[in-house]
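Engineer: Sharing a structure, written as structure tokens. Questions coming.
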Amino acid sequence: MITFKRVIISILIFFSLISFCYSKIQLKIIMKINNEIITSHDIEQEINYLRALNPRLNQINKDELFNPAKRSIIKELIKRKEIEKYKKLNLENSQIKNVLNNLIQNLNLQNENELERYLNNYNFSLEELKRKIEIENEWKNLIYSKYIKSVKINKKELMKKIERSSDEKFLLEYNLSEIVFTNAKNILLDQLIEDIQESIKRNGFENTANIYSISESSKVGGKIGWVKKNSLSDIITESLKNLNIDEYSSPLKINNNYFIFKINDIKKTEIEIDKKKELDKMIFFETSKQLDKFSNIFYNKIKLNSEISEF
């Protein structure tokens, strides 16, 4: 009897060791960010997250999504560490609900329960999504508090734009997506542009935004949404004026980054301009644009001071 028990115990130990060894093979350490280990499982989960936000990414194999997922994790961890210097993350951010509602609408779902079931298909939980949303919202709050006094708005120039628009019969609005990239040190700019344009042809604009874009909009396929023509800079409106729906611009150099814009839709509405409301909207848009620039600068500064080791 004792011998039989020993045999059973030995068999259980044997299979436990095999299982452990197998998990060690499957679970690889990919990188270390400061003191946090990132494994292949973390990368897998991030790919699931990106695919949930942009279902078109299901057309792209996991190998191509490895680097965008890695970049996304690095950005999130660095932001989270900086936020935690000032406050505790506890899912009490009041903006989480609004972001969830927008996401539900963008995914053509009805409510939070449907969103939860949808995420389950990607092996991703609603709780995990809320934590990611909280980090992004708190990061925006941090950037706002640090840089709002540095934002410069030329109200006279904005009013001139409004006055010019008031002479027109129709107001033009674009539904836009973007790909934002920078001139990397280890690759020629012409080669990078060629790679991006080739990816757009092969994978589509939205998937290419996920793969290459450094903007926060990359997580939702580069979608910006509806923007009034008079809110855009002259260089952008000039690049869009001869484009049709589903066409995209040539790369535009704006400050230190390059932008490619795609027109998803165009609409014209009869103008009934409330100049005060229009000015408020343009100030908000310009403020957001400048804060995004400060956000990138601040993030890159923190990243330079972070310890990132890849294995």
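Engineer: For residues in the range 272-287 being among the aliphatic types (A, V, I, L, M) and part of a helix (DSSP H, G or I), which is farthest from the chain's Cα centre (by Cα)?
Structural biologist: Leu279
Engineer: Check whether at least one residue in the range 85-100 is part of a strand (DSSP E or B) and either surrounded by fewer than 17 Cβ atoms within 10 Å (Cβ to Cβ) or not assigned by TED's automatic domain parsing to the domain that holds Asn242 (or both), and report yes or no.
Structural biologist: no
Engineer: Looking only at the range 104-120, which residues are farther than 18 Å from Val220 by Cα and either in contact with a Cys (Cβ under 8 Å, 6 or more places away or on another chain) or not in a helix (DSSP H, G or I) (or both)?
Structural biologist: Across the range 104-120, the qualifying residues are Gln110, Asn111.
Engineer: Against the definition (without any contact (Cβ under 8 Å) to a residue 40 or more places away in the chain and either under 19 Å from Ile143 (Cα atoms) or not assigned by TED's automatic domain parsing to the domain that holds Ile143 (or both)), how does Glu114 come out, yes or no?
Structural biologist: It is false that Glu114 is without any contact (Cβ under 8 Å) to a residue 40 or more places away in the chain and either under 19 Å from Ile143 (Cα atoms) or not assigned by TED's automatic domain parsing to the domain that holds Ile143 (or both).
Engineer: So is Ile73 in contact with a strand residue (DSSP E or B) (Cβ under 8 Å, 6 or more places away or on another chain) and assigned by TED's automatic domain parsing to the domain that holds Glu134 or not?
Structural biologist: yes
Table: residues versus (1) modelled with pLDDT of 90 or more; (2) of a type in the set (Lys, Arg).
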site	(1), (2)
Tyr147	yes, no
Ile196	yes, no
Arg202	yes, yes
Gly221	yes, no
Val227	yes, no
Asp234	no, no
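Engineer: Still on this model: Go through (1) surrounded by 15 or more Cβ atoms within 10 Å (Cβ to Cβ); (2) free of Cβ contacts under 8 Å to residues at least 24 places away in the same chain; (3) within 23 Å of Ser213 (Cβ to Cβ) one by one and return the number of the condition Gln191 breaks.
Structural biologist: If we test Gln191 against (1) surrounded by 15 or more Cβ atoms within 10 Å (Cβ to Cβ); (2) free of Cβ contacts under 8 Å to residues at least 24 places away in the same chain; (3) within 23 Å of Ser213 (Cβ to Cβ), just (1) comes out false.
Engineer: Also, quick follow-up: Read through the list (1) closer than 30 Å to Glu272 by Cβ; (2) at pLDDT 95 or above, then give the number of the only condition that Asn102 fails.
Structural biologist: (2)
Engineer: If you go through the range 42-74, how many residues are without any contact (Cβ under 8 Å) to a residue 60 or more places away in the chain and outside any helix (DSSP H, G or I)?
Structural biologist: Residues in the range 42-74 being without any contact (Cβ under 8 Å) to a residue 60 or more places away in the chain and outside any helix (DSSP H, G or I): 1 in total.
Engineer: Further question: Of all strands (runs of 3 or more DSSP E) completely enclosed by the range 156-271, which ones contain at least 2 residues that are more than 20 Å from the chain's Cα centre (by Cα) and hydrophobic (A, V, I, L, M, F, W, C)?
Structural biologist: Because the criterion is at least 2 residues that are more than 20 Å from the chain's Cα centre (by Cα) and hydrophobic (A, V, I, L, M, F, W, C), the strands (runs of 3 or more DSSP E) in the range 156-271 that meet it are 170-181.
Engineer: Within the range 251-279, which residues are more than 30 Å from Arg80 (Cβ to Cβ), surrounded by fewer than 12 Cβ atoms within 10 Å (Cβ to Cβ) and free of Cβ contacts under 8 Å to residues at least 60 places away in the same chain?
Structural biologist: The answer is Lys253, Glu272, Asp274, Lys276, Lys277.
Engineer: Then there is this: In this structure, is Asn137 closer than 24 Å to Ile283 by Cβ, surrounded by 17 or more Cβ atoms within 10 Å (Cβ to Cβ) and not basic (Lys, Arg)?
Structural biologist: It is true that Asn137 is closer than 24 Å to Ile283 by Cβ, surrounded by 17 or more Cβ atoms within 10 Å (Cβ to Cβ) and not basic (Lys, Arg).
Engineer: Across the range 221-234, what is the total count of residues that are in contact with a strand residue (DSSP E or B) (Cβ under 6 Å, 6 or more places away or on another chain) and either hydrophobic (A, V, I, L, M, F, W, C) or under 30 Å from Arg51 (Cβ atoms) (or both)? So that I can check it myself, show each step before the final result.
Structural biologist: As a first pass, look at the range 221-234 and keep what is in contact with a strand residue (DSSP E or B) (Cβ under 6 Å, 6 or more places away or on another chain): 222-224, 226-229.
Now narrow it down to the ones that are either hydrophobic (A, V, I, L, M, F, W, C) or under 30 Å from Arg51 (Cβ atoms) (or both): 222-224, 226-227.
Looking only at that region, the number is 5.
The values are calculated or read from the model by the stated rules, or taken from the named source; none is laboratory data. None of the values given here were measured: they were computed from a predicted structure. In this analysis, Cβ positions are derived from the backbone assuming ideal geometry, glycine residues included, and neighbour counts consider all displayed protein chains.
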